[in-house]
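The values are calculated or read from the model by the stated rules, or taken from the named source; none is laboratory data. These numbers were taken from a predicted model, which means no experiment stands behind them. So basically every Cβ, Gly included, is an ideal-geometry build from the backbone, and we count neighbours across all protein chains shown.
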Amino acid sequence: MIFATNFARNAALAARDAVALAQEFRARLTLMHVIEDYAELGSTPGPIEESIHRLRELIPKNPQLRYVPETLLEFGNASDRILKAAAEREADMIILGARSSEIGTTHLPWSAAHHVIAQAGCPVLTIRQ
């Protein structure tokens with residue numbers, strides 16, 4: 001399973017659901033974040049370390065999982081990177097947050113979510129919050 005997040009305000013709740021699914025199905029879980037704007041990263045490495053730290057914080061303490069969750073940080077187009085990671089890991093499911101029409105939400109935009117849904121080789125669960 002791949003859980004892709006951009007750290008929206010409800011990311012922890014969505015991550016909890018992803019962990020519960022991985023636990024129920026005894027599946028491997030990869031928590032993933034994609035940095036799309038990385039032109040300035042060479043001069044300011046802070047976003048890389050912060051993103052990895054935030055991914056690790058989404059994993060509950062002492063999860064009852066068969067496999068240790070993997071954290072993955074990618075760079076580039078979010079939907080392309082998510083699809084590539086899912087294919088490389090032969091994921092059975094992709095879980096992602098999708099932005100609703102509410103003002104102030106920061107989930108993956110519907111256009112990117114649509115691209116993942118349309119191109120994925122496995123089921124995609126979108127969590128709208």
Scope region 1-29; condition polar (S, T, N, Q) and crowded, with 23+ Cβ neighbours inside 10 Å; matching residues: T5
Please verify whether D80 is touching a residue at least 60 places away in the same chain (Cβ under 8 Å) and either of a type in the set (A, V, I, L, M, F, W, C) or within 22 Å of V124 (Cα to Cα) (or both), treating the condition exactly as stated. no
Tell me, please, whether a residue that is under 22 Å from E88 (Cβ atoms), among the aliphatic types (A, V, I, L, M) and at pLDDT 95 or above can be found in region 3-16. yes
E50 passes all but one of (1) farther than 17 Å from I95 by Cα; (2) surrounded by 19 or more Cβ atoms within 10 Å (Cβ to Cβ); which number fails? (2)
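Yes or no, residue by residue, for (1) within 18 Å of I127 (Cα to Cα); (2) outside any loop (DSSP other than H, G, I, E, B); (3) among the small types (G, A, S):
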| residue | (1), (2), (3) |
| --- | --- |
| H33 | yes, yes, no |
| D37 | no, no, no |
| I48 | no, yes, no |
| L65 | no, no, no |
| D92 | yes, no, no |
| I95 | yes, yes, no |
